[in-house]
Amino acid sequence: MSWVLRNPPWRFALRHGLLAVLFCDVMSTASAIIFDIDDTLYPERDYAFSGFAAVAEAFADRLGDVREAAARMRELFDTEHRRRVFDRFLDERGLSEDTGLVRRLIETYRTHLPAITLYPDADQALTRFSRTHKLGLITDGPARQQQAKIDALELPPRFDAIILTDELGSGFGKPHPKSFEMMADRLGVEPGCCVYVADNAAKDFLAPNALGWITVRIHRAEGIYRDAPAAEGGGVAGAAQHDIDRLDQLDAVLNPSVARPRGLGPTDPR
């Protein structure tokens with residue numbers, strides 16, 4: 001987050017046109033919606049479990065019973081070993097000394113064809129907003145892995161622009177602003193007319209907040225980062241400006257004059 005310390009919010013506002021930002025905000029003319037993918041458009045847990053099944057099947061000769069191996073990996077996913085599931089799994093089976101094996105498990109996990117589907121509200125939202133807004137997608141993670149998710153979800157035809165930050169080079173993942181700047185440019189919209197919807201407050205909202213975007217955090221009940229605290233750096237707000245529980249609540253954020261059904265989550269600015 002060193003870029004935040006070198007680039008205070010006022011510098012971004014001047015650089016990208018403060019008048020345009022204010023105009024879009026006052027006139028309620030958000031013209032582009034940019035989404036994260038994991039735990040925003042589909043359940044990331046489903047991708048992990050799909051990967052565990054693929055690994056268990058591919059390495060059954062080393063890992064043992066396919067169903068049992070996949071089940072144990074799923075259990076480990078919900079423990080403090082989430083980020084090192086394969087290391088822990090191999091250690092339990094006395095295979096930790098095979099350093100090359102864990103690399104092969106990871107490669108299989110990242111390159112498998114995932115069995116994942118969109119959240120129903122995400123599918124509906126993409127259809128609904130495609131009629132009124134330009135749509136973009138920004139995602140972190142290994143490019144090949146993220147592209148496999150995008151293809152499995154059949155997303156390319158549904159977006160006007162897709163950016164995989166891994167393809168930009170080292171150091172340009174979120175919260176670096178490069179992907180957000182590129183997205184606004186590709187969509188041909190002013191920064192203040194962009195809405196960004198994502199789930200991980202630890203990294204997702206620093207850059208778009210600094211650039212004058214409207215930011216919305218979606219709190220999926222099963223989201224991996226649902227409890228992640230907001231990031232901070234150089235005085236730039238890391239918290240999203242709005243909070244929702246489902247994408248059918250996004251309409252009320254974009255148009256506050258629209259009556260919201262009772263029981264929906266908060267959408268007021270923090």
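The values are calculated or read from the model by the stated rules, or taken from the named source; none is laboratory data. What you are looking at is a predicted structure, and each value in this text was computed from that prediction instead of being measured. Cβ placement follows ideal geometry from the backbone for every residue including glycine, while neighbour counts extend to all protein chains displayed.
Tabulated data for the structure shown
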item	result
Residue list for segment 151-175, filter: buried (at least 20 other Cβ atoms within 10 Å of the Cβ) and over 14 Å from L137 (Cβ atoms)	P175
From I116, I162, I218, I138, residue being touching a strand residue (DSSP E or B) at 6+ places or on another chain (Cβ under 7 Å) and free of Cβ contacts under 8 Å to residues at least 60 places away in the same chain	I162
Qualifying residue in segment 9-31 (condition: over 18 Å from D140 (Cβ atoms), at pLDDT 50 or above and in contact with a Leu (Cβ under 6 Å, 6 or more places away or on another chain))	yes
Within segment 88-113, tally of residues that are surrounded by 13 or more Cβ atoms within 10 Å (Cβ to Cβ), farther than 15 Å from A58 by Cβ and polar (S, T, N, Q)	1
Test: residue in segment 181-193 that is of a type outside the set (S, T, N, Q), closer than 13 Å to F35 by Cβ, touching a strand residue (DSSP E or B) at 6+ places or on another chain (Cβ under 6 Å) and at pLDDT 95 or above	yes
Residue match in segment 163-183 (condition: assigned to a strand (DSSP E or B) and under 15 Å from the mean Cα position of the chain (by Cα))	yes
